[in-house]
């Protein structure tokens, strides 16, 4: 499979930002990315790599998740400069939202694991048990990435078989509904 180009990444992001009325600006430096849920605004890097794109979707995830409710499993701490909020559950939620908005590649998933684990290891980030457990679950490769990907591949394979069989039936002059073909597939694969 051909990797995404920078232009394809940006077109995907820009279309989503515009459709969801989220404003943006480009920032320089990885640690300068931010989201403001109240203003529906993000500061993102140019998505040159899969990691950059994943981080952009993560910031969009913050906007879509809204402001921190500051009740368990959320526990918010305002850091040094007075503008940076640290909440493990908000970080986890933003990554989970990002993974729903854009299917992650394995490179994007590993980037999410590194970023989320840095919050897990930070002494500045509050670690309520439920938030820590939820973050660990999201970082689990099998549970969050490999198994859903395998299910998607299996589903595409099955629907491909159904379409192939339908075409064979049509070529033979036999008419059959998609529902009937799926029922036959289910029966054949038991």
Residues of region 22-43 satisfying the condition of being under 14 Å from residue 62 (Cα atoms) and in a loop (DSSP other than H, G, I, E, B): 22, 33, 37, 38, 39, 40
Going through region 4-21 in order, the residues found to be in a loop (DSSP other than H, G, I, E, B) and without any contact (Cβ under 8 Å) to a residue 40 or more places away in the chain are 5, 21
Just to be sure before I move on: is residue 179 surrounded by 12 or more Cβ atoms within 10 Å (Cβ to Cβ), modelled with pLDDT of 70 or more, farther than 30 Å from residue 94 by Cα and under 33 Å from the mean Cα position of the chain (by Cα) in the structure I sent? no
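The values are calculated or read from the model by the stated rules, or taken from the named source; none is laboratory data. No experiment lies behind these values; they were computed from the predicted model shown. Cβ atoms come from the backbone with ideal geometry, glycine included; neighbour counts cover every protein chain shown.
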